[in-house]
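To keep things clear, I will list the structure first and then write my remarks on it.
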Amino acid sequence: MSKDLTSAFLSYYSEFQKKEYSLISLERIFGGASRETYKIILNDDSNKKERLILRLSQDSSLIETEQRTEYLAYSAFQESNVPVPVLIDMSEENTELGAPFMLMRELNGEAASPFTPNIYAPHENELGEQFWSILGEIAKKKIDSDIYEDFIGETERPFWKNELDKWVKIIHEDSIGIEPILEAGIRHLYKYPPNESEIISMVHGDYRSGNFLYAENKITGILDWEMAHLGDPLEDLGWALSPIWSWQDKERPAYLVKREDAISIWEATSDISLNKDDLQWWELFAAIKGMAIWISAGNEFKSGKNIDPINLFSAWIPGDIHLEIILDILERNT
């Protein structure tokens with residue numbers, strides 16, 4: 001964060017809280033590709049420390065989303081069985097800090113790389129129970145009517161087609177060529193659609209290893225809700241189960257518990273009886289969606305809009321993995 005932005009934040013927060021603050025430390029947290037994230041520690045005028053997380057919108061990012069979406073998603077799960085940060089403020093304007101932002105209390109814990117095997121040892125069973133239970137809690141949570149109406153907006157149904165159309169559009173706009181395996185996967189999804197879900201849930205949109213905080217054997221927070229929307233709860237399950245998040249141990253999604261145990265925990269918590277054919281559709285969709293994100297990242301880097309190395313990496317290795325996943329699923333259906 002620049003000196004000017006640091007001064008702007010202290011000025012804004014002192015006015016917001018009606019007290020004076022001094023800065024103890026400010027640290028940028030790298031790794032995310034949709035927001036600039038900062039860990040801030042302040043002292044107030046009574047010498048009491050406050051630990052905050054600031055999420056600041058970027059001019060260009062891997063995933064283009066509105067700040068309000070993430071804020072409302074967090075709002076939907078305040079004081080619920082889904083651990084999320086306590087919200088403080090949100091602005092969609094550039095006036096205070098030069099960009100839209102969201103401010104929240106810091107949670108205890110750390111995030112792990114989604115590509116590192118055995119990262120959760122020796123607590124993978126305990127964390128796995130919590131990880132899939134929390135996803136079940138998200139699936140069955142009744143959303144406040146005001147938040148529901150804000151999210152539902154002009155969303156067209158069926159939800160599966162709305163989401164598939166959105167990501168296919170990104171693929172066709174940002175691709176520099178035609179990828180036959182990817183196109184075959186897209187055609188399969190349109191040709192063999194899933195059953196329309198009777199349950200409308202808040203969909204996290206990126207629920208996976210790496211997007212939660214944990215301290216030893218306890219999950220302390222579910223983060224990164226910028227792709228949240230209303231839809232079929234199987235969308236999150238298919239994404240979280242994807243082998244890309246546990247490539248070196250595909251039998252344990254997210255490097256936690258075994259796949260069959262993960263699904264059983266989710267079913268028991270969500271009170272949803274799983275249709276295996278529908279889940280397989282959403283797992284294929286997850287790979288197509290992943291490809292759209294990696295292709296978009298590559299376009300950002302190639303065009304010079306955002307030359308963060310994460311965009312170059314995303315367009316390369318994860319893309320190859322998702323193509324292999326698409327091929328595996330298509331082969332099982334022939």
Efficiency of FRET between Arg187 and Phe30 - r from beta-carbon atoms, R0 35 angstrom, step 0.05: 0.40
Where Cα atoms sit under 19 Å apart: lysine pairs in segment 3-105 separated by 8 or more or lying on different chains: 7
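What number comes out for the charge environment of Leu127, summing +1 per Lys or Arg and -1 per Asp or Glu over other residues with Cβ under 11 Å away?
Local net charge: -3.
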Principal-axis tilt of helix 180-191 within the chain, Cα atoms, nearest 10 degrees: 80
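Ranking request for peptides 100-111, 205-216, 180-191, 19-30: highest mean number of other beta-carbon atoms within 10 Å first, then the rest in descending order.
Descending mean neighbour count gives 205-216, 100-111, 180-191, 19-30.
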Percentage relative contact order, segment 3-105, counting C-alpha pairs under 8 Å, at least six apart: 22
The chain, relative contact order [Cα under 8 Å, separation at least 6], %: 19
Lys166 versus Ser7: modelled label distance in nm, points set 7 Å from Cα along the beta carbon direction: 4.0
Neighbour net charge for Met291 - beta-carbon separation under 12 angstrom, K R +1, D E -1: -4
Mean ellipticity per residue at 222 nm, deg cm²/dmol - from DSSP H runs of n ≥ 4 across the chain, formula -39500 (n - 2.57): -14500 deg cm²/dmol
Potential extension, Thr116-Asp261 segment - 0.36 nm per residue separation minus Cα distance: 50.1 nm
Segment 124-137 - phi-based ³J(HN,Hα) in whole Hz, Karplus 6.51/-1.76/1.60, Gly and Pro as x: 5, 5, 5, 5, x, 4, 5, 4, 7, 5, 4, 5, x, 5
Contour minus Cα-Cα distance for Thr155 and Ser273 (0.36 nm per residue): 39.9 nm
Reach of Lys169 by Cα under 17 Å, taken over aspartates and glutamates that are not fewer than 8 positions away in the same chain: Glu64, Glu156, Glu179, Glu183, Glu300
Derived scalar couplings ³J(HN,Hα) [segment 35-46; Karplus, 6.51 cos²θ - 1.76 cosθ + 1.60; whole Hz; x for Gly, Pro]: 9, 7, 10, 10, 9, 10, 10, 10, 10, 8, 6, 10
Hull shadow area, averaged, segment 124-332 [alpha-carbon convex hull, nm²]: 12.0
Anisotropy class of segment 3-105 from Cα gyration tensor, a/c 1.5 cut: oblate
Eligible lysines near Lys276 by straight Cα distance, threshold 23 Å, same-chain separation 8 or greater: Lys140, Lys141, Lys161, Lys191, Lys250, Lys258, Lys289
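FYI, it's all coordinate maths here, none of it is from the lab. Keep in mind it's a predicted model, so treat the numbers as computed, not measured. Using ideal geometry, Cβ is built from the backbone for each residue, glycine included, and neighbour counts are taken over all protein chains shown.
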